[in-house]
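Notes follow the structure.
The values are calculated or read from the model by the stated rules, or taken from the named source; none is laboratory data. All values derive from a computational prediction rather than experimental measurement. As a convention, Cβ positions derive from the backbone with ideal geometry for all residues, glycine included, and neighbour counts pool all protein chains shown.
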Amino acid sequence: MNIYLPIAEVAVNAFVVLGLGGMVGVLSGMFGVGGGFLLTPLLFFIGIPPSVAVATGANQIVASSVSGVLAHLRRRTVDIKMGAVLQGGGLVGATLGVAIFNYLKSLGQVDLFVTLCYVIFLGIVGALMFIESLNALRKSRRGGAPVRKHHRGWVHSLPFKVRFRTSGLYISIIPPVAVGVFVGILTAVMGVGGGFIMVPAMIYLLGMPTKVVVGTSLFQIILVTAATTMMHAITNQTVDIVLAFLLLVGGVVGAQFGTRIGTLLKAEQLRILLALLVLLVCGKLALDLLLQPSEIYSLSTIRKAAQ
Amino acid sequence: MRRPTLSSRLRTLLASLCCSLWIASPAAAEQVVLGLSHDRVAITATFDGSEILIFGAVKRESPIPTEAPLEVVVTVSGPKAPVMVRRKERDFGIWVNKDSVAVDSAPSFYAVATTGPFDEVLSDTEDLRHKISIGRAIRSVGARIEGAQDFTEALMRIREARGFYSLQEQTVALDEQTLFRTAMRMPADLIEGEYLTRIFLTRGGEVVSQYETVIEVNKVGLERFLFTLSRDHPPLYGLLALFIAVVSGWGAAALFQMLRDR
């Protein structure tokens, strides 16, 4: 069944879009990532104009994150205090990121920069997570009780200590704010929620327990993507409600299943799967840059100046 | 079988539209009287492309000229918009967008239908004058893109592959050098606007008569409402998008909770 999208001005198969939304929803619920890094390229692939795909993707992630975070709230695995601190940093970062984005746009190489960003960050994060969780899995297989290494390094010697009860942490407020700012910049530049950076940062940098990380990440993503949606709706008018609705119907259902699957798996297994997924997307994007494309020309309609 | 019904249909059409439709210069010996199966296309939520039947008759005061057979060319052109064409090149081992050319104005949709092979139906001079072939229809407006032949060809190649540009030779049926008809397939990815429809009558490659009309393509219903809202009240539209997202997210969570509790 084909559906005509009023803003994108293309017709798409409704079931394909529902399926895409569902797939991304499952990931969102399982790993606490918004899935934007996966959804946006997939939307390009089915013929949605990039500007509409980025804006509408953000809107869809709001829905699946709300759906996912409610399930986590009930299980008390959301550190609201930590989420608020991260969001504060995130908003500062997003403002900085928009400035960087506009500067690159004036240079005319923003597409390349965004793709390179994806390849570099997905590559680093994926590889680190894969190695670490493989080691952890091997250790737990050997039967010995998992040794929890507490970060007693520089993170704990910083001032302004705050207690984060849900995470069981008593750390300086500086690292979470810094993580928030950094992810905020990436959000604006790469057009994603930033969960795939946020999740490992919370685990490895802040030392938060994996159980709390997913819910907190979703909580943080809601506000960032909501702000992004509004920004795109007002400045570019590229949010397609019909497309978003189809995606989120699939997405919210998927997120519920994802949350369920997530509780069935061990934390290490969960991390290995996310690492593999991240590396897969990274590999695909890297290949696109390295191999000769079948069509070296591309078209983009220049939008008539808004009234 | 079909001819009597079509011609009777045309006779009623002739009677009702006689003077109002044909606007060719009075000097022309042969003139077009046109009918469309519908002169507006409504884009609804489930819009899946449309087929427009374009049919008509040739009106003449004198007997049918005998020197060369009559041929018919029909073109339908969508709204024009500037297009940026970019070319990738290998740089430091990776493929990046390097050169780009802005085609000032290219139709979003362009279809040509003819009674015979294009080269035989229309001479090159006439094509140049009336800008009928796909290449001419684009280049005519992209005056500033000299030295950018490859880019224009890429534009045509990509749009042809996606079904937006097409040359359909021998798809116009012509009976008794008088009645003609063709079916134009419009793709599902239509852009709103006025689709200029032109009909040319040719003899020996020369255009002997020409006729123009417009097919309106509009979004209707929900599509119209959402599009207008997004343009006129962007903050409201953004809030609506967020509201739908939050409510459906919450709704799904509540629904699953209910299913689990049972």
Looking at (1) at the interface with chain A (Cβ under 8 Å from one of its Cβ atoms); (2) modelled with pLDDT under 85, which is the only condition residue B:258 fails?
(1)
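For segment B:154-196, enumerate the residues that are in a helix (DSSP H, G or I) and out of contact with any helix residue (DSSP H, G or I) (no Cβ under 8 Å at 6 or more places or on another chain).
B:154, B:157, B:158, B:159, B:161
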I'd like the full set of residues that are within 8 Å of chain B (Cβ to nearest Cβ) and surrounded by 24 or more Cβ atoms within 10 Å (Cβ to Cβ), limited to segment A:218-231.
A:229
Screening B:216, B:223, B:176 for residues that are more than 23 Å from residue B:127 (Cβ to Cβ) and within 8 Å of chain A (Cβ to nearest Cβ) leaves only B:223
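Which one of A:283, A:215 is out of contact with any strand residue (DSSP E or B) (no Cβ under 8 Å at 6 or more places or on another chain), surrounded by fewer than 16 Cβ atoms within 10 Å (Cβ to Cβ), away from every other protein chain (no Cβ under 12 Å) and in a helix (DSSP H, G or I)? Even if it seems obvious, please write down each step before you answer.
Values: A:215 fails: surrounded by fewer than 16 Cβ atoms within 10 Å (Cβ to Cβ).
Selected residue: A:283, the only one of A:283, A:215 that is out of contact with any strand residue (DSSP E or B) (no Cβ under 8 Å at 6 or more places or on another chain), surrounded by fewer than 16 Cβ atoms within 10 Å (Cβ to Cβ), away from every other protein chain (no Cβ under 12 Å) and in a helix (DSSP H, G or I).
Having 3 or more residues that are among the small types (Gly, Ala, Ser) is the bar; report the helices (runs of 4 or more DSSP H) wholly within segment A:10-124 that clear it.
A:14-31, A:50-74, A:80-107
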Return the residues of segment A:39-70 that are within 12 Å of another protein chain (Cβ to nearest Cβ) and among the small types (Gly, Ala, Ser); say none if nothing qualifies.
A:47, A:55, A:57, A:58, A:63, A:64, A:65, A:67, A:68
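Test residue B:73 against the criterion of being touching a residue at least 24 places away in the same chain (Cβ under 8 Å), facing chain A (nearest Cβ under 8 Å) and either crowded, with 21+ Cβ neighbours inside 10 Å or out of contact with any Lys or Arg (no Cβ under 8 Å at 6 or more places or on another chain) (or both), and give yes or no. Please lay out each step first, then the result.
Working: touching a residue at least 24 places away in the same chain (Cβ under 8 Å): yes; facing chain A (nearest Cβ under 8 Å): no; either crowded, with 21+ Cβ neighbours inside 10 Å or out of contact with any Lys or Arg (no Cβ under 8 Å at 6 or more places or on another chain) (or both): yes.
Against the criterion (touching a residue at least 24 places away in the same chain (Cβ under 8 Å), facing chain A (nearest Cβ under 8 Å) and either crowded, with 21+ Cβ neighbours inside 10 Å or out of contact with any Lys or Arg (no Cβ under 8 Å at 6 or more places or on another chain) (or both)), residue B:73 does not qualify.
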Could you list, in sequence order, the residues of segment A:240-280 that are surrounded by fewer than 20 Cβ atoms within 10 Å (Cβ to Cβ) and either within 7 Å of another protein chain (Cβ to nearest Cβ) or not in a helix (DSSP H, G or I) (or both)?
A:265, A:266
Pairing a residue in segment A:150-178 that is surrounded by fewer than 11 Cβ atoms within 10 Å (Cβ to Cβ) with any residue that is of a type in the set (Gly, Ala, Ser) and modelled with pLDDT of 75 or more, where Cβ atoms lie under 9 Å and the two sit 6 or more apart in sequence or on different chains, gives A:150/A:207; A:157/A:172; A:159/A:172; A:160/A:172
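Starting from residues that are outside any helix (DSSP H, G or I) and touching a helix residue (DSSP H, G or I) at 6+ places or on another chain (Cβ under 8 Å), keep the ones in segment A:176-212 and report whichever is modelled with the lowest pLDDT. Break it down stepwise before answering.
From segment A:176-212, those outside any helix (DSSP H, G or I) are A:191-194, A:206-209; that's our starting set.
In the following step, the residues that additionally are touching a helix residue (DSSP H, G or I) at 6+ places or on another chain (Cβ under 8 Å) were identified as A:191-194, A:206-208.
Working: A:191: 64, A:192: 70, A:193: 70, A:194: 74, A:206: 80, A:207: 80, A:208: 82.
That would be A:191.
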Residue under question is residue B:96, and the condition is that it be buried (at least 16 other Cβ atoms within 10 Å of the Cβ) and either closer than 18 Å to residue B:197 by Cα or at the interface with chain A (Cβ under 8 Å from one of its Cβ atoms) (or both); does it hold?
yes
